[in-house]
Amino acid sequence: MLLCMQFTSGYGAAPGAWRLPGVKLSSYTDMDQFVRCAQAAERGKIQMLFFADTPVLDVDLEHQAPRPPDRPTAGHLSANTEREAVLGAEGITAQ
């Protein structure tokens, strides 16, 4: 069995998490925040990190933070973890 974790944003998967008291608002653009999460996952024996192929600005910014761009984030995580695979879904998102 392989364990995989999906990255969604610098705040977690809950849509309104970025609005909670005490949340560091710069987490969305803080690559070190993503590295800390990836390294914690690695210590927890997570073997893969996954980024879904989604538009960065496809959400209502009043209720949910935008997603980070997956390619630069994935590259940065690959350089800063030792044993995790970094996976991304590539495709065309059309509406």
Projected label distance in nm at Glu82 and Tyr28, using a 7 Å step from Cα toward the beta-carbon: 3.4 nm
Positive minus negative residues near Glu84 (Lys, Arg vs Asp, Glu; Cβ under 11 Å): +1
Neighbour-count ranking [beta-carbon atoms within 10 angstrom, fewest first] of Thr73, Thr81, Thr29: Thr29, Thr81, Thr73
Virtual spin-label span in nm between Leu20 and Met48, 7 Å along Cα→Cβ: 2.7 nm
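Throughout, read-outs are computed from the coordinates displayed, never taken from laboratory work. These numbers were taken from a predicted model, which means no experiment stands behind them. For neighbour counting, all protein chains shown are included, and Cβ atoms are generated from backbone atoms with ideal geometry for every residue, glycine included.
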